[in-house]
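Here's the structure we're looking at; comments come further down.
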């Protein structure tokens, strides 16, 4: 198992950049530097420190057990704020901050952006259909399996559509999720589960860096984190 990336602070400009990322995230400066080192090791042959879609898909699959290609692609787009097809250092730290330590408000915005497939500020009936169809196992015996999905879409839309305009705005979304937090990932899992989140945090957190990673944690993560 690769050891935890060691923070190396070089140069005044780099220190200012790390300080800025610290203030824009829920990570300490040491944790920020460790995450930046991890990103650099993920892209050893790249002229720039940034991650492409394929490497990101592999990363979340191995570290967070996320295998749904449609959702993972949407998660990549949520990380990639400037929509250039790569995740740079700023996007990496900000995205992982929400992924691992986000507030409920941050996670609501993140999940909404993942589900808003055309980025128009609304989750439409059609988007719900594609998301739910992709995440639900359909019985092979059904003559028209899409009918069951359509029924579920109508139930879900009725639950979330507070203003009854046949689409879900971010305001609709936040009201519904605040009423019932279990609805945060109602259209498909797009955040790490507790087990994988805790395991990954053991690699970057200040507390683990100071005390050393336990043998059980090393065994649990063996073969998952790629550098």
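Numbers at a glance
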{"read-out": "Residues satisfying the stated conditions in region 18-40, i.e. over 18 Å from the mean Cα position of the chain (by Cα) and either free of Cβ contacts under 8 Å to residues at least 24 places away in the same chain or surrounded by fewer than 14 Cβ atoms within 10 Å (Cβ to Cβ) (or both)", "value": "18, 19, 20, 22, 23, 29, 40"}
{"read-out": "Which numbered condition residue 195 fails, given (1) touching a helix residue (DSSP H, G or I) at 6+ places or on another chain (Cβ under 9 Å); (2) within 26 Å of residue 120 (Cβ to Cβ)", "value": "(2)"}
{"read-out": "From the options 91, 69, 65, residue that is within 30 Å of residue 29 (Cβ to Cβ) and exposed (fewer than 15 other Cβ atoms within 10 Å of the Cβ)", "value": "65"}
{"read-out": "Within region 165-187, tally of residues that are surrounded by fewer than 18 Cβ atoms within 10 Å (Cβ to Cβ) and part of a helix (DSSP H, G or I)", "value": "9"}
{"read-out": "Residues of region 153-164 that turn out to be in a helix (DSSP H, G or I) and crowded, with 16+ Cβ neighbours inside 10 Å, as a count", "value": "4"}
{"read-out": "Residue in region 171-179 that is without any contact (Cβ under 8 Å) to a residue 40 or more places away in the chain, outside the structural domain of residue 83 (by TED's automatic domain parsing) and within 30 Å of residue 30 (Cβ to Cβ) present", "value": "no"}
{"read-out": "Among (1) surrounded by 19 or more Cβ atoms within 10 Å (Cβ to Cβ); (2) more than 18 Å from the chain's Cα centre (by Cα), the one test that residue 190 misses", "value": "(2)"}
{"read-out": "Scope region 113-124; condition farther than 30 Å from residue 48 by Cα and either buried (at least 16 other Cβ atoms within 10 Å of the Cβ) or in contact with a helix residue (DSSP H, G or I) (Cβ under 6 Å, 6 or more places away or on another chain) (or both); matching residues", "value": "122, 123, 124"}
{"read-out": "Any hit, region 18-27, residues being in a loop (DSSP other than H, G, I, E, B), outside the structural domain of residue 116 (by TED's automatic domain parsing), in contact with a strand residue (DSSP E or B) (Cβ under 9 Å, 6 or more places away or on another chain) and modelled with pLDDT of 95 or more", "value": "no"}
{"read-out": "Residue in region 196-218 that is within 21 Å of residue 64 (Cα to Cα), assigned to a loop (DSSP other than H, G, I, E, B) and at pLDDT 70 or above present", "value": "yes"}
{"read-out": "Among the candidates 108, 117, residue that is over 30 Å from residue 33 (Cβ atoms) and touching a residue at least 12 places away in the same chain (Cβ under 8 Å)", "value": "117"}
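Conditions tested, residue by residue: (1) crowded, with 16+ Cβ neighbours inside 10 Å; (2) at pLDDT 95 or above; (3) not in a helix (DSSP H, G or I).
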{"position": "96", "(1), (2), (3)": "yes, yes, no"}
{"position": "107", "(1), (2), (3)": "yes, yes, no"}
{"position": "111", "(1), (2), (3)": "yes, yes, no"}
{"position": "126", "(1), (2), (3)": "no, yes, no"}
{"position": "134", "(1), (2), (3)": "no, no, no"}
{"position": "137", "(1), (2), (3)": "no, no, yes"}
{"position": "143", "(1), (2), (3)": "no, no, yes"}
{"position": "147", "(1), (2), (3)": "no, no, no"}
{"position": "151", "(1), (2), (3)": "no, no, no"}
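The values are calculated or read from the model by the stated rules, or taken from the named source; none is laboratory data. Keep in mind that what you see is a predicted model, and the values were worked out from it rather than measured. FYI the Cβ positions are ideal-geometry reconstructions off the backbone, even for glycines, and counts take in every protein chain you see.
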